[in-house]
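Input: a single structure, listed below in structure tokens.
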Protein chains: 2
Amino acid sequence: MRVLVIGGDGYCGWATALHLSERGHEVGILDSLVRRYWDVTLGVDTLTPIAPIAKRINRWKELTGKHMDLFIGDINDYTFLLDAIKKFAPDAIVHFGEQRSAPFSMIDREHAVMTQVTNIVGTLNILYAIHEHCPDCHLIKLGTMGEYGTPNIDIEEGYITIQHNGREDRLPYPKQPGSFYHLSKVHDSHNIQFACRIWGVRATDLNQGVVYGVLTEETGRDEMLINRLDYDGVFGTAINRFCVQAAIGHPITVYGTGGQTRGFLDIRDTVRCIEITLNNPAAAGEFRVFNQFTERFNVLDLANMVKCAGDKAGLKVEIQHLTNPRVEKEEHYYNAKNTQLRDLGLEPHCLSDSLISSLLDYAVRYKDRIDTTEIMPRVTWK
Amino acid sequence: MRVLVIGGDGYCGWATALHLSERGHEVGILDSLVRRYWDVTLGVDTLTPIAPIAKRINRWKELTGKHMDLFIGDINDYTFLLDAIKKFAPDAIVHFGEQRSAPFSMIDREHAVMTQVTNIVGTLNILYAIHEHCPDCHLIKLGTMGEYGTPNIDIEEGYITIQHNGREDRLPYPKQPGSFYHLSKVHDSHNIQFACRIWGVRATDLNQGVVYGVLTEETGRDEMLINRLDYDGVFGTAINRFCVQAAIGHPITVYGTGGQTRGFLDIRDTVRCIEITLNNPAAAGEFRVFNQFTERFNVLDLANMVKCAGDKAGLKVEIQHLTNPRVEKEEHYYNAKNTQLRDLGLEPHCLSDSLISSLLDYAVRYKDRIDTTEIMPRVTWK
């Protein structure tokens, strides 16, 4: 299939592009590269030294003989987007091309507005482009498990059947997102569902959990293909961030009690989930929702796992409870379903000591690149 | 109370501003006047000749001695908004200042994007301004009954208690809006609810039905205070549009079978609902939702009522079923609750023959201003 990966220079996007190329799909990468610019504006950087996009793509071709088209530009620019789509003629679009950090969206009003406008307009543009120029194209859109928040009932996959006053309907699952970023994904979901209903667009919304790990089979093949790994207080996420902290002797920063439970998955499962979704497209007019995570953990348990692995490796690891910069429940019920991707063939990589050890090794290897002043959270929700 | 009415030059906003001023509140009007410009770009106009905003306000002062501050500018411009809020120091903000037409939002991609960006950014700016400069200010935000769509279960007011797998939670009512405009209101609702949760903002979301009528006690006092009345295919809504059609011998345009059921209210109840909400503010941190309509009708029933009143008045009224330009269910369950405003004291003006007759009279009176080429729907959802 011809697959356009929007946001293909990012953490999940790059790994996905290579994985799909390796599996024989014709892959195009579309990216504005603005994520690299945001790093510059915040004064942060990936732990791992990532190569420029053109060099990454060239190296992939040298190693595998596989070509990937590259479109550099902003999907908020409809003329550019349309031009790329007409040239590439995708059978499927994988849309990672959004501002994806909750703290970034909470920096101030400008960042909140920018996050919502960028994400919403980008997705609206893709919907119009599909409707007007490739109506059969399957949109695979990255959502987030954070759209659901932490309700006191089981979290289903996108929809819930509600009995009420003697009647019944299957309705969109109620959303209680926890940041202006997470809200933007909820807005996207509503917009996409509407486009499916009125135009017959086929779409799958992947409500992804927190991704960890840095290596996939493809990105591990060569130093030039290395994937980004964020550890800073804005873009760094649990596990990856904890491992970097442990590796350099910085206390592991747990926000509040650490009782917050979330869904997690290995980046090797992210790329596999996208592949599975691609191979099993939504029907015309269908707005399909999969919850894309493999395991649930609470944050303190994760910190303890990293501490344990670190101690074994001879590192001296401390856990530090910080005043929670976010507004979120620290003790809550959490039971989210994730059977649909499993039913389609996903075999999860569960979080293991060896994965944590390999992340610790990575962090030790690139220790000199770490800026310890960027580790603590600087953005608060209040 | 000091009440800033954003969108105070519009159909509901103008009537509300006068009503609150009459009741002794200190009223400020903030409006970009862009609605008048959209009329120009579409080549449509209100049936009634509305005076420029400054003249309207002056006339009100001449008649009543009551002053209203005027701020002309765009709430998407945060500097302007902040300046107005600092100067006016509102106890409450009534927010009508959004693009409010479903067909307008469906014209093309540009109108869809513009509607969502304008509405979302405007509301985000208001939330930040309240948070940063008047945290105790009560936000009274106009939503729409169209946020709910037409689920097969009863529609509650904003929230629904769900029993699921042996557990229970009260969650935001699932939304299935029917246009990019209606979607923008759903996005607003999610954003406001989040701001209430994290910042302690007090807000009431008024999910309003379709408003009809043109006169309120205040706008009826003088020709110079006359309110707008839209009959065109983009901004005209049922009842008002039907009456204008009947008055000039144009067939009443029913979309599809006319089995679509919606909530409706008289504009005299709109202004009263706002007053009631103002006098009973939400608690700090509360995101309160009222369904603001008084009666339910299906579109064909309304058309028949107008035909009946028109026939009595000696007009020859025809009903024409058009191919539905929208994508919506034409036969569906619809049972929406609306008890909260009643419990706070709303005494509804029910739709009556005399109201319809007065609308017909209005339409006959301003017959010469009608452009019959603007009546048919020109925007389709497909």
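The values are calculated or read from the model by the stated rules, or taken from the named source; none is laboratory data. Predicted model only: the values in this text are computed from it and were never measured. Glycine gets a Cβ as well: all are built from the backbone with ideal geometry, and neighbour counts include every protein chain shown. We work out accessible area using only protein heavy atoms, side chains counted, and drop any ligands, DNA or RNA first. Shrake-Rupley method; radii C 1.70, N 1.55, O 1.52, S 1.80 Å.
Just to check I understand the Karplus step: with θ = phi - 60° and J = 6.51 cos²θ - 1.76 cosθ + 1.60, what whole-Hz values come out for the range B:25-34, glycine and proline as x?
7, 7, 10, x, 10, 10, 7, 8, 6, 5
For the range B:299-338, which residues drop by 20 square angstrom or more in accessible area between the chain on its own and all protein chains together (1.4 Å probe)?
Buried on complex formation: B:327, B:333.
Compare A:104, A:290, A:80 in a GNM of chain A, Cα atoms joined below 10 Å, and give the one with the largest fluctuation.
Among A:104, A:290, A:80, the largest mean-square fluctuation in the Gaussian network model of chain A belongs to A:80.
Below 8 Å, C-alpha to C-alpha, sequence gap of six or more: please give me the relative contact order for chain A in percent. Don't skip to the answer; put the middle values down first.
Working: 778 pairs, mean separation 76.8, N = 382.
Computed value for chain A: 20 percent relative contact order.
In debye to the nearest 20, how big a dipole does the protein assembly as shown give about its Cα centre with +1 on each Lys and Arg Cβ and -1 on each Asp and Glu Cβ? Could you put the intermediate results ahead of the total?
Details: 80 positive and 98 negative charges, 23 e Å.
The calculation lands at about 120 debye.
If you plug each phi of the range B:132-141 into the Karplus form 6.51 cos²θ - 1.76 cosθ + 1.60 with θ = phi - 60°, what whole-Hz ³J(HN,Hα) values come out, in order, with x for Gly and Pro?
For the range B:132-141, the Karplus-derived couplings read 8, 10, 8, x, 8, 5, 8, 8, 10, 10 Hz, x marking Gly and Pro.
Distance check, please: which entries in A:337/B:337; B:141/B:185; A:185/A:337; A:185/B:175 exceed 21 angstrom between their Cα atoms? Before the final figure, lay out each step's value.
Details: A:337/B:337 32 Å; B:141/B:185 10 Å; A:185/A:337 19 Å; A:185/B:175 15 Å.
The pairs that break the limit, which is 21 Å between Cα atoms, are A:337/B:337.
Each residue of the range A:216-233 in order: what ³J(HN,Hα) in whole Hz does its phi give by Karplus 6.51 cos²θ - 1.76 cosθ + 1.60, θ = phi - 60°, with x for Gly and Pro?
10, 3, 7, 5, x, 6, 7, 4, 6, 9, 4, 8, 6, 9, 9, 10, 6, x
Thinking of the range A:326-382 as a set of Cα atoms, what percent of all their pairs are more than 12 Å apart? Kindly include the intermediate steps, with their values, before the conclusion.
Values: 1299 of 1596 pairs.
The answer is 81 percent, as a whole percent.
Whose amide H sits under 5 Å from the amide H of residue B:51, counting only residues 5 or more places off or on another chain, with H placed in the peptide plane?
B:226
Across the range B:195-235, what fraction of all alpha-carbon pairs, as a whole percent, falls in each successive 10 Å bin from zero upward?
Distribution as computed: 20, 27, 26, 21, 5 percent.
Mind checking which of B:271, B:117, B:214 has the largest fluctuation in a GNM of chain B, springs on alpha carbons under 10 Å?
Largest GNM mean-square fluctuation: B:117.
Using amide H atoms built in the peptide plane, which far-off residues or other-chain residues are under 5 Å from residue A:327 H to H?
Amide H to amide H, under 5 Å and 5 or more residues apart or across chains, residue A:327 pairs with A:381.
Give, as ranges by residue number, the residues of the range B:137-165 whose backbone N falls under 20 Å from the point 7 Å along Cα→Cβ of residue B:283.
Under cut-off, by backbone N: B:137-141, B:157-162.
Within the range B:138-295, what whole-number % of the accessible surface is contributed by carbon and sulfur, with the 1.4 Å probe and all protein chains included in the calculation? Can you show the working numbers first?
Working: 1540 of 3460 Å².
Result for the range B:138-295: 45 percent of the exposed heavy-atom area is carbon or sulfur.
Report the antiparallel proportion of the DSSP beta bridges in chain B as a percent, rounded to a multiple of 5. Don't skip to the end; give the middle numbers.
On the way: 10 of 49 bridges.
Approximately 20 percent, going by the DSSP bridge assignments.
Suppose you put the label 7 Å out from Cα in the Cβ direction; list, shortest first and in nm with one decimal, how far residue A:367 is from each other copy's label.
Shortest to longest, the spacings are 9.2 nm.
Once the range A:243-283 is represented by equal point scatterers at the alpha-carbon sites, with solvent omitted, what log10 I(q)/I(0) does the Debye formula produce at q = 0.24, 0.26 Å⁻¹?
Relative scattering, expressed as log10 I(q)/I(0), comes to -0.89, -0.93.
Please give the calculated 222 nm ellipticity per residue for the protein assembly as shown, where each DSSP H segment of at least 4 residues contributes -39500 (n - 2.57) and the sum is spread over every residue; nearest 500 deg cm²/dmol?
Values: 24 runs with 292 residues, N = 764.
Mean residue ellipticity at 222 nm (helix-derived): -12000 deg cm²/dmol.
Under 8 Å for C-alpha pairs, at least 6 residues apart: give me the relative contact order for the range B:23-70, rounded to a whole percent.
Relative contact order comes out at 58 percent.
Output the Cα-based Rg and Dmax of the protein assembly as shown in Å, rounding Rg to one decimal and Dmax to a whole number.
Final numbers for Rg and Dmax: 27.6, 96 Å.
Can you give the accessible area buried between chains A and B, summed over both chains, with a 1.4 Å probe, in Å² to the nearest 100?
On the way: alone 15710 and 15670 Å², together 26510 Å².
Protein heavy atoms only, the A-B interface buries about 4900 Å².
Place a +1 charge on the Cβ of each Lys and Arg in the range A:295-382 and a -1 charge on the Cβ of each Asp and Glu, then give the dipole magnitude about the Cα centre in debye, rounded to the nearest 20.
For this selection, approximately 200 debye.
Could you check which residue among B:220, B:233, B:166 shows the biggest mean-square fluctuation in a GNM of chain B with a 10 Å Cα cutoff?
B:166
Hey, could you get me the Stokes-Einstein D for the range B:237-382, Kirkwood radius over alpha-carbon pairs, 4 °C and 1.567 mPa s, rounded to whole µm² s⁻¹?
76 µm²/s
Can you work out the PRE-style zone for residue A:382? Point 7 Å along Cα to Cβ, and I want the residues of the range B:162-202 with backbone N under 19 Å.
Residues B:194-202 fall inside that zone.
Taking 51 Å as R0, compute the FRET efficiency from the Cβ-Cβ separation of residue A:38 and residue B:352 and round it to 0.05. Could you put the intermediate results ahead of the total?
On the way: r = 59 Å, r/R0 = 1.16.
So the FRET efficiency works out to roughly 0.30.
Please name the residues of the range A:163-180 whose accessible area, counted over protein heavy atoms with a 1.4 angstrom probe, falls by no less than 30 Å² between the chain alone and the full protein assembly.
Output list: A:164, A:165, A:167, A:169, A:171, A:172, A:174, A:175, A:176, A:180.
Just to confirm the numbers: residue A:337, label point 7 angstrom along the Cα-Cβ line, distances to the other copies in nm, shortest first?
Listed shortest first, these distances are 2.5 nm.
Considering only the label points, 7 Å along Cα→Cβ from Cα, what distances in nm to one decimal separate residue A:301 from the same position in each other copy, shortest first?
5.3
Could you report chain A's accessible area per residue, 1.4 Å probe, as an integer in Å²?
Working: 13270 Å² over 382 residues.
Per residue, chain A has 35 Å² of solvent-accessible surface.
Taking only the C-alpha atoms, wrap a convex hull around chain A and report its volume per residue in Å³ as a whole number.
132 Å³
Could you give the dipole magnitude of chain B about its Cα centre, charging the beta-carbon of Lys and Arg +1 and that of Asp and Glu -1, in debye to the nearest 20?
On the way: 40 positive and 49 negative charges, 27 e Å.
It comes to approximately 120 debye.
Taking C-beta distances below 4.7 angstrom as the pairing criterion, name the unpartnered cysteines of chain A, in sequence order.
That list is A:12, A:196, A:243, A:273, A:308, A:350.
If Rh is defined by the Kirkwood formula over all Cα pairs and Rg also comes from Cα, what ratio Rg/Rh do you get for the range B:1-64? Walk me through the numbers before you get to the answer.
On the way: Rg = 12.4 Å, Rh = 12.5 Å.
Radius of gyration over Kirkwood radius for the range B:1-64 works out to 1.00.
Let me check against my output: what whole-number percent is the relative contact order of the range A:36-143, with C-alpha pairs under 8 Å and at least 6 apart?
On the way: 72 pairs, mean separation 30.2, N = 108.
Relative contact order, the range A:36-143: 28 percent.
According to the Kirkwood expression over distinct Cα-Cα pairs, how big is the hydrodynamic radius of the range B:1-118, in Å?
Numbers: mean 1/r = 0.0664 Å⁻¹.
For the range B:1-118, the Kirkwood estimate is 15.1 Å.
Sequence-distant or interchain residues sharing an amide H contact under 5 Å with residue A:322, placed H: which?
A:254, A:255, A:256
Considering only the other residues whose Cβ falls under 13 Å of the Cβ of residue A:47, what net charge follows from Lys and Arg at +1 and Asp and Glu at -1?
Values: positive: A:228, A:241, A:365, A:367, A:369; negative: A:39, A:45, A:230, A:232, A:361, A:368, A:371, A:374.
Charge balance in the 13 Å sphere: -3.
Kindly sort A:318, B:157 by accessible area of their heavy atoms, largest first, with the probe set to 1.4 Å.
Values: A:318 110, B:157 20 Å².
From most accessible down to least: A:318, B:157.
Please find, among residues of chain A, the one with the beta carbon closest to the rotation axis relating it to chain B, distance in whole Å.
A:187, 2
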